[in-house]
Structure formats: structure tokens, C-alpha cells
């Protein structure tokens, strides 16, 4: 087994991200260890990438276990009562289809008309989910890869930043660990650590082998949910969840490596407009669904907010919502988006190969 390259640098970035998390916690930011780590490492990636080893990328072998750990914590929230209430989720799942189609159309107009991107780049940049899939399909369709990657990561990072901040203002206090929110009420015992390691190992192997959407998270989530339903709950200390947040934040921050400021500034204002539009659509759907579901408005809003599955699950954990409910809808959002992208990709390929 080969160790990931540049381990000292990676651990230094994680440590720097942890320091950023402590500063963010001191200032009362929501999800401080995730946001603080991201905000600490992103400037390193943008302004000091020439000092990093050539083609440095945050090691997947370090990121994946911590993402899976988050999945395991979420899976532990799956209860029999949640499973029995799946039929009540039909209105919100149908609304998610409406969200994906509406958001995709609005984003295309923003990136095509206002951003001046070519049609494939505008379409795949506007995908409200499926980060890896949108990049893969987009590159195969001849997109500008730098623009596409920038816009997709800005979507996740802006949602991750704006939603917790907005929730904090709405609730009147910082959400998550900044507000003292505990991630689990179940007592932590020594047996939890080997159980968590087993869930992470089996979950990541099975998730990748089965090609699950967001497999790094969903494989461990499903295994953990199975243990939970069997009466074997998992509970982990907050410090371990905070560590996972730091690693995830540092890996997201380093995604900005090599970007020039002109591309970043243009991408940022377009992404602010795009994310603002999608959050407005999410808010409208959340208000419409309050009377049809048993979920409060705040939970429904983050259910539709188009961030990454891992990140929005952490937001759900931070406000005391059932992360399994939120995560199920985000996985469904990604599945619908990927189906739409796949259909568009086939249509584009057929157009290219057909008669002129």
C-alpha cells in the first residue's frame, strides 16, 4: 500500500485549517471548523499555489475516511419511525424534481446570457448538483474546464457559507458548534470507535463498488443505518466530528489552486446570482411544503439548498434536524440532476453525429 504523496504538506494544511477553525469559533461563525478551515486554506491555494508541489491535490485517501465518518454519523440517525414515514416524503421528493428543472433552467440563462459562456459550459456550470458528474459530462462535451470547475465549486462553497450564516441570523444565535450544538445525545463508549472504523471501511468499499451517488458518504451512511435499525447505535465525540469538518474544509479550500483572479471574480459574481436564485426557489418550495409535511420551514429550506451532500448534512446536524431526512433529499437531487445531465449529453452527442 502506497502512502499519499506530500504528506507533511497535507498535515500542515490540515493543522492550518484547524487553526482557522479555532479562530472562526472564537468569532462565533456557524460551522466554524468547516468554514474556518476552508477560509484558511483557500487563500493558500489562490495566492501561494506556485509554492506548492506541481499538480498538488489534497489526497483522496485522507479525505474519504473523514467524509465516510460523517456518513456514519448521519446513518445513525435513521430510525424505524423515519423509515415508516417515507410515504410522507412524496410531496417533497416531487418538489425536488421541480427544483432541479427550475434551477437548471435559471442557471443556464444566468451563465449563458449574463456570463457570456458558450452553451455547453453554461449548461453544465448551472447543474444544481452532481459535482463530479457535471465536470465529467461537461469536459466530454467540450466545456471550458476551468470555468466549469470554478462555478461548480463556488456553488457548493457559497451555499455552505451563506446558508449557515442566514440560519444564524434567522434563529438569532450561531448554529452548530459555534452555538454549542452537540452532534449526538447518545453516550460515547469505547466500543464506538472500532464500530465506526468497521462502518467506514465496509461503507467505502461497498459504496465505490456499487457506484452509489456520493459513494464516499452514502456507503457508510447505509451501513450505519443498518446497525441503527438493528439496535446498535453509533455515537462519536464532537472532537472527532470537528476533525472531519477541518479535513473536509481544507480539501475544499485547496480546490482553488491555480485559479487566476479575473476568472475567480467573474465566477464569484455569477455564482452569487445563481446561488441567490436557487436559494429563492428553495425558499418558495419550502414555504409551499410546510402545510404538506411534518417538517419545519428551516429544515425544508436546507433540504433544497443546493450544496454538497456532505456539507448540507453537517448543516442539518448543526441545527438539530434529522440529517437522514435532509441527506435523502440531497441524494435524490443529485440522482435527478445526473439523469438530466446524462440525457443532455446523449442529445448533444446525437446532434454532433447527425446530419448537418
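Every number in this text was worked out from the coordinates using simple rules, so none of it is lab data. Since we're looking at a predicted model, the values are computed, not measured. No Cβ is skipped: glycine too gets one built from the backbone with ideal geometry, and neighbour counts run over all protein chains shown.
Which numbered condition trips up residue 81, out of (1) in contact with a helix residue (DSSP H, G or I) (Cβ under 7 Å, 6 or more places away or on another chain); (2) without any contact (Cβ under 8 Å) to a residue 60 or more places away in the chain; (3) in a helix (DSSP H, G or I)?
(1)
So, residue 113, is that one within 20 Å of residue 206 (Cα to Cα) and touching a helix residue (DSSP H, G or I) at 6+ places or on another chain (Cβ under 9 Å) or not?
Considered against the rule, which asks whether it is within 20 Å of residue 206 (Cα to Cα) and touching a helix residue (DSSP H, G or I) at 6+ places or on another chain (Cβ under 9 Å), residue 113 comes out as no.
Need the failing condition index for residue 65 against (1) exposed (fewer than 14 other Cβ atoms within 10 Å of the Cβ); (2) within 28 Å of residue 228 (Cβ to Cβ), just the number.
Status for residue 65: all satisfied but (1).
With respect to residue 34, determine if the residue is touching a residue at least 24 places away in the same chain (Cβ under 8 Å) and within 16 Å of the chain's Cα centre (by Cα).
Taking the combined requirement at face value, the residue satisfies it.
Anything in region 49-63 that is under 20 Å from the mean Cα position of the chain (by Cα) and not in a helix (DSSP H, G or I)? List them, or say none.
Let us first name the residues in region 49-63 that are under 20 Å from the mean Cα position of the chain (by Cα), namely 57-63.
Correct list: 57, 58, 59.
Using the structure shown, decide if residue 344 is touching a residue at least 40 places away in the same chain (Cβ under 8 Å), at negative phi, assigned to a helix (DSSP H, G or I) and surrounded by 13 or more Cβ atoms within 10 Å (Cβ to Cβ).
Details: touching a residue at least 40 places away in the same chain (Cβ under 8 Å): yes; at negative phi: yes; assigned to a helix (DSSP H, G or I): yes; surrounded by 13 or more Cβ atoms within 10 Å (Cβ to Cβ): yes.
Answer is yes for this residue.
Restricting attention to region 5-21, report how many residues are in contact with a helix residue (DSSP H, G or I) (Cβ under 8 Å, 6 or more places away or on another chain) and surrounded by 15 or more Cβ atoms within 10 Å (Cβ to Cβ).
Within region 5-21, the subset in contact with a helix residue (DSSP H, G or I) (Cβ under 8 Å, 6 or more places away or on another chain) is 10, 13-14, 16-21.
After this cut, where a residue has to be surrounded by 15 or more Cβ atoms within 10 Å (Cβ to Cβ) as well, the list is 10, 13-14, 16-18, 20-21.
Of the residues in region 5-21, 8 are in contact with a helix residue (DSSP H, G or I) (Cβ under 8 Å, 6 or more places away or on another chain) and surrounded by 15 or more Cβ atoms within 10 Å (Cβ to Cβ).
Please determine whether any residue of region 34-48 is assigned to a loop (DSSP other than H, G, I, E, B), surrounded by fewer than 22 Cβ atoms within 10 Å (Cβ to Cβ) and in contact with a helix residue (DSSP H, G or I) (Cβ under 8 Å, 6 or more places away or on another chain). Lay out the reasoning, then the answer.
We begin by selecting, within region 34-48, every residue assigned to a loop (DSSP other than H, G, I, E, B); these are 48.
Then drop every residue that is not surrounded by fewer than 22 Cβ atoms within 10 Å (Cβ to Cβ), which leaves 48.
If we keep only those that are in contact with a helix residue (DSSP H, G or I) (Cβ under 8 Å, 6 or more places away or on another chain) as well, we get none.
Looking for residues that are assigned to a loop (DSSP other than H, G, I, E, B), surrounded by fewer than 22 Cβ atoms within 10 Å (Cβ to Cβ) and in contact with a helix residue (DSSP H, G or I) (Cβ under 8 Å, 6 or more places away or on another chain), one finds none in region 34-48, hence no.
Only one of (1) surrounded by 21 or more Cβ atoms within 10 Å (Cβ to Cβ); (2) closer than 22 Å to residue 25 by Cβ fails for residue 278. Which number is that?
(2)
Does residue 91 qualify as being assigned to a helix (DSSP H, G or I) and within 20 Å of the chain's Cα centre (by Cα)?
Values: assigned to a helix (DSSP H, G or I): yes; within 20 Å of the chain's Cα centre (by Cα): no.
No; evaluated as a whole, the condition is false for this residue.
Based on this model, can you work out whether residue 97 counts as closer than 26 Å to residue 129 by Cα, touching a helix residue (DSSP H, G or I) at 6+ places or on another chain (Cβ under 7 Å) and not in a helix (DSSP H, G or I)? Outline the logic, then answer.
On the way: closer than 26 Å to residue 129 by Cα: yes; touching a helix residue (DSSP H, G or I) at 6+ places or on another chain (Cβ under 7 Å): yes; not in a helix (DSSP H, G or I): no.
No, not satisfied.
Which residues, taken from region 305-325, are assigned to a helix (DSSP H, G or I) and within 12 Å of the chain's Cα centre (by Cα)?
Let us first name the residues in region 305-325 that are assigned to a helix (DSSP H, G or I), namely 309-318, 323-325.
Once the filter is applied, which keeps residues that are assigned to a helix (DSSP H, G or I) and within 12 Å of the chain's Cα centre (by Cα), region 305-325 yields 309, 310, 311, 312, 313, 314, 315, 316.
Any idea how many residues of region 330-341 are crowded, with 22+ Cβ neighbours inside 10 Å and within 22 Å of residue 164 (Cβ to Cβ)?
Here the count works out to 3.
Of all residues in region 248-264 being over 22 Å from the mean Cα position of the chain (by Cα) and assigned to a helix (DSSP H, G or I), which is nearest to residue 20 (Cα to Cα)?
Checked region 248-264; the qualifying residue nearest to residue 20 (Cα to Cα) is 261.
Can you tell me how many residues in region 44-59 are within 22 Å of residue 154 (Cβ to Cβ) and touching a residue at least 24 places away in the same chain (Cβ under 8 Å)?
8
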